[in-house]
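Working notes, beginning with the structure itself.
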Amino acid sequence: MTTVTAVTVRAPAKVNLLLAVGPVREDGYHDLVNVFHAVSLCDEVTVRGADSGRAGAGEAVIDVRAAAGGLDAHLAEVPRDGSNLAARAARLVAREAGLPEERARVRIRIDKAIPVAGGMAGGSADAAAALLACDALFGAGLDEATLRALAAELGSDVPFPLLGGTAVGTGRGEVLEPVPARGRFHWVFALSERGLSTPAVFGEYDRLRPDAPQPHGDAALTAALGSGDPSALAAALRNDLEPAALSLRPDLARTLEAGREAGALAGIVSGSGPTCAFLAPDADGAAGIAEALEKSGACERALTAYGDVPGARAVTPSTP
Ligand code: C5P
């Protein structure tokens, strides 16, 4: 029998095509209708058994590196202790598999291509990847429903990167239903040097929208996804959190304007921001918009990507 000593899993970022936000609930969350779209910016998470001595019982040693240019400044914001979502994922898998604490010690390496605290669910992608990697490393054999439940326990956005593609999330965003999307949509993501706190953006939303109605879906968006027509999709993009993100970061208005001027079909704040997402007519258009955005000085760095893409997948189960 061979023993798996390290597992690498790649998981995608998301952009929200529709983020309809209801009033705040008693538990502090908001009911959402959240159409997630997985894009080809992916983090890679490698999990291996920890050297004894470097980690305490059940703790993870975390190493984070930039896998894409322009992300170095972001890395400082990634927690290196047990509060990192990937480390929490490792503990949950160990608990579920009934492992003794010393077997749950792991070293986690995260190669980051997804902006940190950027509204693209990078931390959630890392958590989803760590769930799959630990399941394989520990030989836990957890089924899909269990992994999805653990993901929802870790955060509202964690189940989606397990699934990938395009999907509508209801409840606090964790109850997922796939939505068929035809063809490939081309995106540009304008990165910001500093991140935004998701709870702060939701808090600002509550201040700006004390009268928020119950959220609902949009048939025009579903039709646009089914048609594969980027212009129709551009017309249907909507993010209720955008005014709150702009209120906290007024400079993003200039970034949105610069992308639209550069030929984007639409520009929108991604999730709770501050990353701005631009839908391009095609791949060449996306490259041109990214170049123009960087030249304009309205953003630090612009990355191109396409969607949708599949959810978290193992890249290399390595053996000794
Ligand atoms: O679920 P997660 O821990 O990722 O959520 C982070 C924060 O985002 C929550 O503490 C809450 O402030 C906000 N949130 C919300 N409603 C949601 C999802 C997240 O208010 N549906």
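FYI, it's all coordinate maths here, none of it is from the lab. Just so it is clear, the model here is predicted, and its values are computed rather than measured. With ideal geometry, Cβ positions are generated from the backbone for all residues, glycine too; neighbour counts draw on all protein chains shown.
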_For the pair A76/R254, report the inter-label distance in nm, with labels modelled 7 Å from Cα in the Cβ direction._
2.1 nm
*Taking the Cα atoms of the range 185-307, what is the range of coordinates along each of the three principal axes, in descending order and whole Å?*
42, 35, 20
*asked:* Along the Cα→Cβ direction, 7 angstrom out, place labels at D229 and R182. What is the inter-label distance in nm?
replied: 1.0 nm
*List E300, E261 from most exposed to least, where exposure is judged by having the fewest other Cβ atoms within 10 Å.*
E261, E300
*Sequence-separation-based contact order of the chain, relative, with Cα cut under 8 Å and 6+ spacing, percent*: 27 percent
*Under a 10 Å cutoff between Cα atoms, tell me which one of A67, A130, A113 has the largest fluctuation in the Gaussian network model of the chain.*
A67
*Determine, for S124, S197, S272, the number of other Cβ atoms within 10 Å of each Cβ, and report the residues in order from fewest to most.*
S197, S124, S272
*Give the order of H74, H216 when sorted by the count of other beta carbons within 10 angstrom, beginning with the fewest.*
H216, H74
*Which whole-angstrom value gives the distance between the alpha carbon centres of the range 275-304 and the range 26-40?*
25 Å
*Just need the relative contact order of the range 185-307 here, percent rounded to a whole number, with Cα pairs under 8 Å and 6+ apart.*
42 percent
*How many percent of all Cα-Cα pairs in the range 118-200 sit more than 22 Å apart?*
35 percent
*If you take the C-alpha gyration tensor of the range 106-156, multiply each eigenvalue by 5 and take the square root, what semi-axes do you get, largest first, in whole Å?*
21, 15, 7
*Normalise the Debye intensity by I(0) for the range 234-274, one equal point scatterer per Cα, no solvent, then take log10 at q = 0.35 Å⁻¹ and round to two decimals.*
-1.21
*Using the Cα atoms of the range 6-178 to build a convex hull, what is its mean projected area in square nanometres?*
9.9 nm²
*Measuring from the lowest to the highest alpha carbon on each principal axis, how far does the chain reach, largest first, in angstroms?*
57, 43, 35
*Measure off 7 Å from each Cα along the Cα-to-Cβ vector at V315 and E291, then give the distance between these two points in nanometres to one decimal.*
2.8 nm
*Provide the percentage of antiparallel DSSP beta bridges, counting only those with both residues in the chain; round to the nearest 5.*
85 percent
*Within a Cβ distance under 13 Å of A167, other residues only, what is the Lys/Arg minus Asp/Glu net charge?*
-2
*Can you give the helix-only mean residue ellipticity at 222 nm for the chain, where every DSSP H stretch with n ≥ 4 adds -39500 (n - 2.57) and the sum goes over all residues, rounded to the nearest 500 deg cm²/dmol?*
-10000 deg cm²/dmol
_Using alpha-carbon coordinates, inclination of helix 198-208 to the longest axis of the chain, degrees_ = 30 degrees
